[in-house]
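The values are calculated or read from the model by the stated rules, or taken from the named source; none is laboratory data. Quick caveat, the model's predicted, so the values are computed rather than measured. Reconstructed Cβ throughout: ideal geometry from the backbone, glycine too, with neighbour counts over all protein chains shown. When the accessible area is computed, the model is the full protein with side chains, heavy atoms only, and any ligands, DNA or RNA have been set aside. Shrake-Rupley method; radii C 1.70, N 1.55, O 1.52, S 1.80 Å.
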Amino acid sequence: MAVLMPGTGSDDDFITRAFGPALSDAGAALIAVRPEPNDLVNGYLRVLDRAARKGPIVVGGMSIGTAVALTWALQNPGATVAVLAAMPAWTGKPENSPASVSARVTAESLRADGLAAVTAAMQASSPAWLGAELARSWAAQWPGLPNAMDAVSAFVNPTADDIRGLDVPLAVAAATDDPIHPLAVGQDWASWAPRGALRTFTLDQLGADPSCLGQACVGALSDI
């Protein structure tokens, strides 16, 4: 069983399309976690804890989902088979990382200007596929969305030393051209893990076929 969690403002529908085909081909059942925007991180942790009662699980996700999954895996090594880490955004404290700043500013804008105005601005500055994805998932998470963004912006990810102590395989997938989720972060995570590997893709590939994300993660796992 694999429990996969969405990135900031994204949802379980995207996770299903991104990871479902590759996990199905690998013979693994997918639990795509639906975000609880008013209690995002704890909601993810609750699903992981429930799933692990039935036996060890594969954990992962994208962006904040990846960060929560790796944090949980480090705390529950005996319950974890592997970590599928797609598009990690930063290591350790968020500081002024692009993803943290983006989440914080978006939360402020949503509270000040409302969902419609901020969604329109996001779509105007994003690739069409991403704008369409987030417009859909943001609307479903309103009005709790700013609270989810706040939780993301302040989340403390595992450190380099934490990752060096990981007991299970870490399969990383990262885009080569995403300034919000820098390739260097994915490269670092894969290099620090005692059993780690990295595969890459481009944002255009992700937009054309979300399943490339899951294929990259499962492919990286096969490389370990």
Global form of the stretch 61-160, assessed from the alpha-carbon gyration tensor, a/c cut-off 1.5: prolate
Spin-label proximity, residue 208 to the stretch 103-132 - amide N less than 17 Å from point 7 Å beyond Cα toward beta carbon: 127-130
For residue 31, distant residues with modelled amide H under 5 Å away: 2, 3, 4
Label zone at residue 39 (point 7 Å along Cα-to-Cβ), backbone N below 18 Å, the stretch 139-183: 141-152
Theoretical ellipticity at 222 nm over the chain - DSSP helices of four or more residues, -39500 (n - 2.57) apiece, nearest 500: -16500 deg cm²/dmol
Of [x] 19.5, 62; [y] 16.0, 47; [z] 17.6, 52, the label for Rg and Dmax of the Cα atoms in Å derived from the coordinates: [y]
Carbon and sulfur %, accessible surface of the chain computed with the full protein complex present, 1.4 Å: 53
Gyration tensor verdict on the stretch 3-76 (Cα atoms; rounded if a/c is under 1.5, prolate if a/b is larger than b/c, oblate otherwise): oblate
For residue 1, solvent-accessible area (1.4 Å; no DNA, RNA or ligand), Å²: 90
Length gained when the stretch residue 126-residue 184 is fully extended (0.36 nm per residue, less Cα-Cα span): 18.7 nm
Within the chain: Cβ-based charge dipole about Cα centre, in debye rounded to nearest 20 (Lys, Arg +1; Asp, Glu -1): 460
Accessible-area ranking of 212, 217, largest first, probe 1.4 Å: 212, 217
Contour minus Cα-Cα distance for residue 164 and residue 139 (0.36 nm per residue): 5.1 nm
Probe 1.4 Å, protein heavy atoms only - accessible area per residue of the chain in square angstrom: 41
With DNA, RNA and ligands ignored, accessible area of residue 201 (1.4 Å probe; Å², nearest 10): 10
